[in-house]
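Undergrad: Before anything else, here's the structure in question.
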Amino acid sequence: MKREVVLGLLVLFSLLLVSPVLAAEPGSAKMVTGFGFFGAIVLAAGLGVGVAACGCGVGMGHATRGACEGIARNPELAGRLTVTMILGIALIESLTIYALVVALILLYANPILPKVITLLGLSG
């Protein structure tokens, strides 16, 4: 129950922050330079990495718990279970790194920005 309440509050907070972007005039510079466009990119990047880290953390916890339970049941397989667990955790961690790379591309390379600037007529 508590998880749903926190998620609901997070969604409402996100909608409150995004509403100025949607309410801005299409031709105004505020949409690109103010809170609007870049604020939405920062919000998306932060939420993306945060959700990815939370999900991967839960997955790593389940993997570690399963390996510990397996080692407790069958101690002779401790070496094989540990190697398999470390390989699985490395693959899980790669998902968080992918989310971080996408967030950094949005923040610094920003492939959408030239299209938005030309669409709004702010290029010259």
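Undergrad: Would you kindly give the portion of the calculated P(r) for segment 73-124 that falls above 13 Å, as a percent of all Cα pairs? Please list the in-between numbers first.
TA: Working: 959 of 1326 pairs.
For segment 73-124, the share of Cα pairs beyond 13 Å comes to 72 percent.
Undergrad: Arranged by the count of other C-beta atoms within 10 angstrom, fewest first, what order do Phe38, Phe13 take? Could the numbers behind the result be given before it?
TA: Details: Phe38 16, Phe13 11.
Lowest to highest Cβ neighbour count: Phe13, Phe38.
Undergrad: Semi-axes of segment 26-120's equivalent ellipsoid from the Cα gyration tensor, sqrt of 5 times each eigenvalue, largest first, rounded to whole Å? Spell out each step's value before the answer.
TA: Working: eigenvalues 396, 26, 7 Å².
Values for segment 26-120, descending: 45, 11, 6 Å.
Undergrad: List the residues of segment 51-67 whose backbone N lies under 18 Å from a point placed 7 Å from the Cα of Ala78 along the Cα-to-Cβ direction.
TA: Residues 64-67 fall inside that zone.
Undergrad: Using 0.36 nm times the number of residues separating Leu119 and Arg65, minus their current alpha carbon distance, what extension gain do you get?
TA: The span from Leu119 to Arg65 would gain 14.3 nm if fully extended.
Undergrad: I've got another one for you. Report, by chain and number, residues whose modeled amide H sits under 5 Å from the one on Asn110, excluding near sequence neighbours (fewer than 5 apart, same chain).
TA: Amide H to amide H, under 5 Å and 5 or more residues apart or across chains, Asn110 pairs with nothing.
Values in this text are rule-based calculations from the coordinates and carry no lab data. Note that this is a predicted model, so its numbers are computed, not measured. Please note: Cβ atoms are built from the backbone with ideal geometry, for glycine as well, and neighbour counts cover all protein chains shown.
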